[in-house]
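**Student:** Below is one structure. I have some questions about it.
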Amino acid sequence: MLIDLARTSAAVAASPARLAKIGHLAELLSRVEPDEAEIAIAYLSGELPQRQIGVGWRTLQDIPEPRQVATATLCQIDGLLSRIKARTGPGSQAARKELVGELFRSVTRQEQSFLLRLLGGELRQGALHGVMVEAVARAADVPAAEVRRALTLRGWLPAVGAAALTGGVAALRDFHLEVGRPVAPMLAQSAPNVPAAMEKLGGLAALEWKIDGIRVQAHRSGTEIRVFTRTLDDITAQVPELVEAVLALPVDDIVLDGEVIALRPDGRPEPFQVTASRVSSKTDTARLRETTPLSVFFFDALRVGGADLLDLPDSERHEALVSTVPAELIAPRLVTADPEEGMTFFAQVLRRGHEGVVAKSPTTPYAAGRRGAGWVKVKPRHTLDLVVLAAEWGHGRREGKLSNLHLGARDPRSGDFVMLGKTFKGLTDELLAWQTERFLAMADGPSDEWVVRVRPEMVVEVAFDGVQRSPRYPGGMALRFARVLRYRPDKRAEDADTVDSVRELLL
DNA sequence: TTCCGACAGTGGGGTCGCAAT
DNA sequence: ATTGCGACCCCACTATCGGAA
């Protein structure tokens, strides 16, 4: 029953202790029917078996009154969500809205609350994937490592969890790396500079170009090629250059990890926006590849010639990569234990216009789907002193606190401030409390339900990765990945950085 | 007893496709 | 032709729990 999940979710949200959350989830899983296990695991880890159904925050406004008695089963809900997803074409928005209304009319208030959070993509119960893996392990009475291993190879926890509940360890061992079925890619931690990254790895490190493009996982079985993104979406049709490159390799059973990027004729990278536009365009690919060709840089091999390499150390996987893929398709790499040499390599990468480096431990296996300690990325960081123009009320654990800051640079000609973007990052609870009080006292001008405008007096030091062209902001530029470093009460607005100094970074 | 790895949460800018206006 | 929504590309950072040291 849906009500069982709603109650479990509420209990999970109410217990701060992770072990207690795991206990609640495992208890539910231990009494779920086999044919509904997959749905239950998906919902309670914040996912839908349909993945996306075309319903977002807007469609979830104006929810009808609930009913009094809970009767909905998981299969009924799942069926309705599939019908919603299937609605496409003219009239589909109204049809979806109607079906969403039907869905919410058929459940109680507590179930509505659960479904709202689930469909809105914000479960807010302090448990998603990571906690659910532990809960599955406990409910199925199998080691969590076995669940994680199967998940690595299958990429979809509801399927793995359902198998564990019905078939135990034996069923989990049946999962293998399958060519054509994507594996959750390994992610990197970060460090402020190359020596720090190398120290994290224990000295010896393989440094590779960090390319500012789109992560790709390329599968080939015979002459069949499939290309997947970080979230395991299939983008094969959008990247014909990559398909041809993989088809030209001498091995026909292979899984590679890499990055695609649009390069200019001189070999320097286009801005990320250009690559993103090219890769997400589904029409006119033939013409686009003439004007904006894609290049690929592979940096890992998960399978070569029928052999799974996930558990091998990085150095051996890279050897396999080098022996199968031509050098011009591989991210340049330097193995060194010398921080000085590492810094030189970093400087060279930046001079060529690329984003930074990823330092890798030569000994670590491929930690699929995890932010493994074996990979550490390093990027340069810019900072500016900007002026707070407004602040937005936060959500969730930031409810009642002014959170998201509107940032402006000084325009020396007009004396006005030009907005360059927003940030909510880098703020501690203490800082959130302080700025809420402070900005309410500084409030000025028209404020609405979400935004409190303030007198442009408070200077804040902001770190960011770069400046990009913006179709949205008045100065035509915006900061990428802005985050607060600290407030500068010692500075006045007149001391803040100007739009001219920001524009210089746009080059 | 302290340290630190892993997770969840809180949102950022930009782009596309599609349906509605 | 334009606008709004949903989905997805890139992402940083803090708080917290609980096992490791």
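**Student:** Dimensions of segment A:118-178 along principal axes (Cα, Å, largest first)?
**Tutor:** Rounded to whole Å, the extents work out to 35, 26, 17 Å.
**Student:** Please compute the volume of the convex hull spanned by the alpha-carbon atoms of chain A and report it per residue in Å³. Walk me through the numbers on the way to the answer.
**Tutor:** Numbers: hull volume 94.8 nm³, N = 507.
Cα-based convex hull of chain A, divided per residue, equals 187 Å³.
**Student:** Whole-Hz ³J(HN,Hα) for each residue in segment A:377-385, computed from phi via Karplus 6.51 cos²θ - 1.76 cosθ + 1.60 with θ = phi - 60°, x for glycine and proline: what do you get?
**Tutor:** So the Karplus estimates, Gly and Pro as x, are 9, 10, 10, x, 10, 9, 9, 9, 9 Hz.
**Student:** Hey, another quick one. Give, as a single signed number, the net charge of other residues whose beta carbon lies under 11 Å from the beta carbon of A:THR166, with Lys and Arg counted +1 and Asp and Glu -1.
**Tutor:** Values: positive: none; negative: A:GLU33, A:ASP35, A:GLU38.
Result for the neighbourhood of A:THR166: -3.
**Student:** Still on this structure: Which percent of Cα pairs goes in each bin when the distances of segment A:366-425 are cut into 5 angstrom slices starting at zero?
**Tutor:** 4, 14, 15, 13, 12, 14, 13, 8, 4, 2, 1
**Student:** Further question on the same structure: Express in whole angstrom the spacing between the alpha-carbon centres of segment A:311-354 and segment A:154-217.
**Tutor:** 19 Å
**Student:** Let me ask another. Need one number for segment A:2-172: average projected area of the convex hull over its C-alpha atoms, nm². Please report the intermediate quantities before stating the final value.
**Tutor:** Details: hull surface 38.6 nm².
For segment A:2-172, the mean projected area of the Cα convex hull comes to 9.7 nm².
**Student:** So, counting K/R as plus one and D/E as minus one, what does the shell of residues with Cβ under 13 Å around A:LEU99 add up to? Present the calculation step by step, with values, prior to reporting the outcome.
**Tutor:** Working: positive: A:ARG83, A:LYS85, A:ARG87, A:ARG96, A:LYS97, A:ARG105; negative: A:GLU98, A:GLU102.
So the environment of A:LEU99 carries a net charge of +4.
**Student:** What is the projected area of the convex hull of the Cα atoms of segment A:224-306, averaged over all directions, in nm²? Walk me through the intermediate numbers first.
**Tutor:** Numbers: hull surface 23.3 nm².
Dividing the Cα hull surface by four gives the mean projection, 5.8 nm².
**Student:** Kindly write out, for segment A:94-109 in residue order, the coupling ³J(HN,Hα) from the Karplus curve 6.51 cos²θ - 1.76 cosθ + 1.60 (θ = phi - 60°), rounded to whole Hz, with x marking Gly and Pro.
**Tutor:** So the Karplus estimates, Gly and Pro as x, are 5, 5, 5, 4, 5, 5, 5, x, 4, 4, 6, 5, 8, 10, 7, 4 Hz.
**Student:** Here's something else I'd like to know. With 24 Å as the cut-off, how large is the P(r) tail for segment A:195-348, expressed as percent of Cα-Cα pairs? Could you put the intermediate results ahead of the total?
**Tutor:** Numbers: 4379 of 11781 pairs.
Distances greater than 24 Å cover 37 percent of the Cα pairs.
**Student:** Once amide H atoms are placed 1.01 Å from N in the peptide plane, what residues at a sequence separation of 5 or more from A:LEU207, or on another chain, have their amide H within under 5 Å of its amide H?
**Tutor:** It is A:LEU334, A:VAL335, A:THR336, A:LYS360, by chain and number.
**Student:** With a bin width of 5 angstrom, please list the P(r) values of segment A:382-503 as percents of all Cα-Cα pairs, from the 0 bin to the one holding the largest distance.
**Tutor:** Once binned at 5 Å, the Cα pair distances of segment A:382-503 give 2, 12, 23, 26, 21, 12, 4, 0, 0.
**Student:** Let me ask something else. By the scheme Lys and Arg +1, Asp and Glu -1, what is the net charge of all other residues having a beta-carbon under 11 Å from that of A:ARG268?
**Tutor:** Numbers: positive: A:ARG264, A:ARG351, A:ARG352; negative: A:ASP266, A:GLU270.
Net charge in that neighbourhood comes out at +1.
**Student:** Taking the alpha-carbon centroid of each part, what is the distance from segment A:471-507 to segment A:1-55 in angstrom?
**Tutor:** Distance between centres, Cα-based: 44 Å.
**Student:** If the reach is capped at under 17 angstrom between alpha carbons, list the lysines near A:LYS425, excluding any in the same chain fewer than eight residues apart.
**Tutor:** A:LYS401
**Student:** How large are Rg and Dmax for segment A:302-343 when only the alpha carbon atoms are used, in Å?
**Tutor:** Over segment A:302-343's Cα set, Rg and Dmax evaluate to 12.5, 39 Å.
**Student:** Whole-Å semi-axes of segment A:33-98's equivalent ellipsoid, largest first, each the root of 5 times a Cα gyration tensor eigenvalue?
**Tutor:** On the way: eigenvalues 96, 52, 25 Å².
Value: 22, 16, 11 Å, ordered largest first.
**Student:** Given the C-alpha centroids of segment A:57-104 and segment A:237-289, what is the distance between them in whole angstrom?
**Tutor:** What the calculation gives is 38 Å, centre to centre.
**Student:** If you consider only alpha-carbon coordinates, what radius of gyration and Dmax does segment A:133-212 have, in Å?
**Tutor:** 17.3, 49
**Student:** Could you work out how much longer the chain between A:THR231 and A:ARG67 gets when fully extended? Use 0.36 nm per residue separation minus the Cα distance between them, nm to one decimal.
**Tutor:** On the way: separation 164, 0.36 × 164 = 59.04 nm, distance 3.67 nm.
Length gained between A:THR231 and A:ARG67: 55.4 nm.
Taken together, the values in this text are just the output of simple stated rules run on the coordinates, not laboratory data. Note that the structure is a prediction, hence the values are computed from the model and not measured. Here Cβ is always computed from backbone atoms with ideal geometry, including for glycine, and neighbour counts include all displayed protein chains.
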